[in-house]
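The next block holds one structure in the form of structure tokens; read it before the comments.
The values are calculated or read from the model by the stated rules, or taken from the named source; none is laboratory data. Everything numeric here is computed off the predicted structure, so don't read it as measured data. Positions of Cβ are backbone-derived with ideal geometry, glycine not excepted, and every protein chain shown enters the neighbour counts. Side chains included, ligands, DNA and RNA excluded: accessible areas come from the protein's heavy atoms. Shrake-Rupley method; radii C 1.70, N 1.55, O 1.52, S 1.80 Å.
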Amino acid sequence: MTQIKVGDYLFKRLHELGIRAVFGVPGDYELALLDLITDNDLEWKGNPNELVAAYAADGYARVKGAAACVTTFGPGETSAYCGMAGHFCEFVPVVHIVGYPTIQAIRKKAIMHHSLGNGKFDMYVEMVKQIMADTTVIDYPPLAASEIDRVLNTMMYEQRPVYIGLSIDIALEMISDAPLGCPISRTLPPNDPEVEKSVVSKIRNGLERADNPIIVIDGGAARHDVLSEAHEFVKLTRIPFFTTPMGKGSVNEDLPQYGGVHFGAGTHPGVKNAMESSDFVLIIGNFPSDFNTGEFTCVFNKNIIEFVDFQRFSVSIGEIKYPVSMKFVLQGLNKDLQRSKLMKAAQKVTWNPYPTLEFSPSEHLKQDFLWPTLGSFFRPGDYIIGETGTSAFGLCDSRLPAGAVMHNQTIFGSIGYATGAIVGVAQAVKESGGKWKRPILVTGEGSMHLTIQVLQDLLRFDLKPIIFVLNNGGYTVERLIHGKEALYNDVAVIDYGLLGSTFGPGVPSKYYGPIRTNGQLEELLKDKDFGNAGCSELVELILKPLDAPKALVRVGVAVDKFNKGNVTGAA
């Protein structure tokens, strides 16, 4: 029986999950633990603050399937909680490792720095339980391995973040490495075969009865790893399929059945009519949040035969919820369809999923020109992040080639997220061995200001992102919702051309801009050297203060109306 340090055991488990880089900020309660990272074939990727570390871990986990960040007890961990909340609600598996004071200090209830000065040490873990799938604070070495394994199994099972508190002296204690022989589970248990068979039969019968069935692939399909099953389902049924803002970037838009992005009031008329005239709707990974539905303005046909809601641990047909995993139900449906095709011919996609607009090259750059044009720049192997607000909605109008991926933080919507997350995405791209090619960030200036210091990580770690910054002259997207002339919607003006030399003096980087006209953007995107510079590239796009995609303008009206309605109702 071989002995191993508790910290080494933890890091070997992370390596087993495919993690190769650990994010975080050093602090005295974790320094000895950080010494063990490189001993376990992991890289330390320290960040300027804990919020950025949490965002970076989010981006990394979305590419690699899991991530880790390490912070110190107290101010370190609480600074990361905003990012952790995003992990929780968007189903991103990240383990947050927190370095605690020594066991002796805790037991003596000593007044330690980073505490609240009252001799208590459990207040922070109690706070974080609302945004964690599981937590543990390890204070007894013989239980360390079982506790680490328990929370990591929960993380992979629920696809949500977990918390491991570890006193620095406990991290160096010796334990048996025998449990490492039993790997962390990454798969769900199989469904009850009879229940699954019944669900598959009911869905198949519904498809046969429907005249105009459709499939919607939502954000949960990507987060719960059923994209391959969903795409196979589309191909076998030949049914038109749509996505949502949260699902955009996860589907193969080159398939002939692709119908476009649906988000309620913001949807283009052709896509909206095609989707809302359906009589049988199957939504895979449904996540009907406000931003994902155009502030709840999605309207389906009242004469729908059935509404099927596929979720990680359940599938609902109408009002009846069945305790089966959607992954295995989709696999069962695909096997059934391989044995016998649907009797009815599927509706053809006759509408254009993308907007078609004409603009003059000499015109001032406009958002309705920007997004369809930007789609021509994307390539297979690109991994794109769109920031909450204009970017996330605008990218719905960009055509993505097969083999490109995009995501945004639709549910939690923490501005500044995307700029932090691109660090983790770019690190994962670098580790991919060529599977992924280019990390691309599209963000507004207001959001970027919150986490702009991550540029130092992008440069010093040689991560080579391509960054598009939408500069509205100090105006934020919130003006489209409320307060068009209000001073509280102003942000500072920054010289983006100096950011490379400011955050990475001596490190190669390129700046393009300011891009002010439609023609300048077209010229840049056609430049063969752009996007292939071998270093970080930043493009500054100058837009008029209140310019926004028409879809976002319509959604903004719906948001303002909804918010005012809530206030009135509460009065």
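Once fully extended, how much extra length lies between Ser176 and Arg150, figured as 0.36 nm per residue of separation less the alpha-carbon to alpha-carbon distance? Numbers along the way, then the final one.
Details: separation 26, 0.36 × 26 = 9.36 nm, distance 1.63 nm.
Once the chain is fully extended between Ser176 and Arg150, it gains 7.7 nm.
What net charge is computed for the residues neighbouring Phe280, neighbours being all others with C-beta under 9 Å from the C-beta of Phe280, Lys and Arg scored +1, Asp and Glu -1?
Surrounding charge for Phe280 is -2.
Rank Tyr511, Tyr100 by accessible area, highest first, at a 1.4 Å probe radius? Write out the running numbers ahead of the final one.
Numbers: Tyr511 75, Tyr100 5 Å².
Sorted descending by solvent-accessible area, the residues read Tyr511, Tyr100.
Based on a Kirkwood Rh over C-alpha pairs, give the Stokes-Einstein translational diffusion coefficient of the range 262-315 at 37 °C and viscosity 0.692 mPa s in µm²/s.
Values: Rh = 11.7 Å.
My calculation gives 279 µm²/s for D.
Eigenvalues of the Cα gyration tensor times 5, then square-rooted: what semi-axes does that give for the range 1-153, in whole angstrom, largest first?
On the way: eigenvalues 99, 75, 43 Å².
Computed over the range 1-153, the values are 22, 19, 15 Å.
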Extension reserve of the Asp495-Asn273 stretch, reckoned as 0.36 nm per residue once the Cα distance is removed: 75.5 nm
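Please identify the trypsin sites (Lys or Arg not before Pro) of the range 96-125 that satisfy two criteria: DSSP loop assignment and at most 16 other Cβ atoms within 10 Å. Which are they? Don't skip to the end; give the middle numbers.
Details: sites: Arg107, Lys108, Lys109, Lys120; in loops: Lys108, Lys109, Lys120.
When the trypsin sites (Lys or Arg not before Pro) of the range 96-125 are filtered for loop state and at most 16 Cβ neighbours within 10 Å, Lys108, Lys109, Lys120 remain.
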Using a 1.4 angstrom probe and counting only protein chains, how large is the accessible area of His15 in Å², to 10? 50 Å²
For the range 72-219, what is one quarter of the convex hull surface built on the Cα atoms, given in nm²? 12.3 nm²
Mind ranking Glu158, Glu253 by accessible surface for me, highest first, 1.4 Å probe? Glu158, Glu253
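Run the numbers on the range 9-152 and let me know its relative contact order in percent, using alpha-carbon pairs under 8 Å that are six or more apart.
Values: 218 pairs, mean separation 31.2, N = 144.
Reported as a whole number, the value is 22 percent.
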Could you work out the percent of alpha carbon pairs in the range 301-408 separated by over 21 Å, rounded to a whole number? 63 percent
Convex hull around the C-alpha positions of the range 185-226: the volume in Å³ per residue is 69 Å³
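Taking a ≥ b ≥ c as the square roots of the Cα gyration tensor eigenvalues, with a/c under 1.5 meaning rounded and otherwise prolate when a/b beats b/c, else oblate, which class fits the chain? Write out the running numbers ahead of the final one.
Details: a/c = 1.77, a/b = 1.20, b/c = 1.47.
Oblate.
Between beta-carbons, use under 14 Å as the cut-off and find the net charge around Arg379, counting Lys and Arg +1, Asp and Glu -1.
Values: positive: Arg399, Lys435, Lys437, Arg438, Lys526, Lys528; negative: Glu253, Asp254, Asp382.
Spelling it out: positives minus negatives among the neighbours equals +3.
With a ≥ b ≥ c taken as the square roots of the eigenvalues of the C-alpha gyration tensor of the range 1-65, please select rounded if a/c is under 1.5 and otherwise prolate if a/b is larger than b/c or oblate if it is not? Provide the component values of the computation, followed by the final result.
Numbers: a/c = 2.72, a/b = 1.32, b/c = 2.06.
Because a/c hits 1.5 or more and a/b fails to exceed b/c, the range 1-65 counts as oblate.
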If I ignore ligands, DNA and RNA and count only protein heavy atoms, how much of Cys182 is accessible to a 1.4 Å probe, in Å² to the nearest 10? 90 Å²
Solvent exposure of the chain as accessible area per residue, Å², 1.4 Å probe: 40 Å²
Cα-based shape type of the range 153-278, given that a ≥ b ≥ c are square roots of the gyration tensor eigenvalues and the cut on a/c is 1.5: prolate
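Using only DSSP helix segments of four residues or longer, with each worth -39500 (n - 2.57), what per-residue ellipticity at 222 nm results for the chain after dividing by its residue count and rounding to 500? Can you show the working numbers first?
Numbers: 21 runs with 206 residues, N = 571.
Helices in the chain give a 222 nm mean residue ellipticity of -10500 deg cm²/dmol.
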Can you pull the accessible area of Asp225 for me, 1.4 Å probe, Å² to the nearest 10? 100 Å²
How many nm is it between the label spots at Arg204 and Thr187, if each spot is 7 Å from the Cα in line with the beta carbon? 2.3 nm
Using a 1.4 angstrom probe on the protein heavy atoms only, could you order Trp371, Trp436 from most to least accessible area? Trp436, Trp371
Across all directions of projection, what mean area in square nanometres is found for the Cα convex hull of the range 223-292? 4.8 nm²
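What percent do you get for the relative contact order of the chain when only Cα pairs under 8 Å and 6+ apart count?
13 percent
Using a 1.4 Å probe on the protein chains only, how many percent of the accessible area of the chain belongs to carbon and sulfur?
Working: 12530 of 22630 Å².
Carbon and sulfur together cover 55 percent of it.
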What does the net charge come to around Gly76 if you take all other residues with beta carbon closer than 15 Å to its beta carbon, with K and R at +1 and D and E at -1? -4
